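Any read-out appearing in this document is the output of simple, stated calculations on the displayed coordinates, not a laboratory observation. What you are looking at is a predicted structure, and each value in this text was computed from that prediction instead of being measured. All Cβ positions, glycine included, derive from the backbone under ideal geometry; neighbour counts span all protein chains shown.
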Amino acid sequence: MARIAIDLYLSSFEAAYRGDRFHAFRQNLAAASPAEWDIRPANWSVEEFGTQPELTLCDIAFHVGGALMMYADRAFGEARLEWGEIALPGNREMGTVLAWLDEAHGAFAAGIAALSDDAELSEVRQAPWRAPMRREQLIALMVNHQLYHSGEANRQRALIRGSSGWERP
């Protein structure tokens, strides 16, 4: 039973969440101060984003955590969870939301780790939008999803701080 690809996906998933000092989603969120956690940047580009204000870092964390729960169910569970059924934390406090996010991340990581053979990655599962997808595609989406939103969180912090460049965690 080979686990070469499984271990590579698990390593990539962990790096995208916490393991890579400069690119990991959790690292970029944790670099924010509590005062920056649930505010919108004051100076967003109307040309680029329209007249609606940006999301807060907390909003981004909710989005990523909810997706991790949904995709864990779709890739490893019964594929019955609906978006409206995702249980959010009871408040928007930074520590509470980060703990909830860690749980969502842990559930997805446990799903990857529980696979016993690379052949299981080819199993066709139901994506959140009901299309059939190979399990490995669902896993790869979550790796990329975390990295994408890590950059977004980094950018949000820079905008909140009034910085003209990217902030390092």
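What to note about this one:
- Tilt relative to the chain, helix 4-14 - C-alpha long axis, 0 to 90 degrees, to 10: 20 degrees
- Per-peptide average of other Cβ atoms within 10 Å, ordering 136-144, 95-103 highest first: 136-144, 95-103
- With 0.36 nm allotted per residue and the present C-alpha distance subtracted, the Met1-Thr96 stretch has 30.3 nm of extension available.
- The ratio of the alpha-carbon radius of gyration of the range 89-142 to the globular-protein estimate 2.2 N^0.38 Å is 1.42.
- With neighbours defined as other Cβ atoms within 10 Å of a residue's Cβ, the residues His149, His63 order from fewest to most as His63, His149.
- Value of [θ]222 nm, deg cm²/dmol, for the chain, DSSP H segments ≥ 4, -39500 (n - 2.57) each, nearest 500: -17000 deg cm²/dmol
- Mean Cα-pair separation over length for the range 63-132, i.e. relative contact order, pairs under 8 Å, 6 or more apart, %: 43 percent
- Potential lengthening between Asp117 and His23 on full extension [0.36 nm per residue; Cα-Cα distance subtracted]: 31.0 nm
- Helix 94-113 vs. the chain, principal-axis angle (Cα, 0 to 90°, nearest 10): 20 degrees
- Mean separation of Cα contacts under 8 Å (6+ apart) over length of the chain, as relative contact order %: 36 percent
- Over all orientations, the chain has a Cα convex hull whose mean projected area works out to 10.4 square nanometres.
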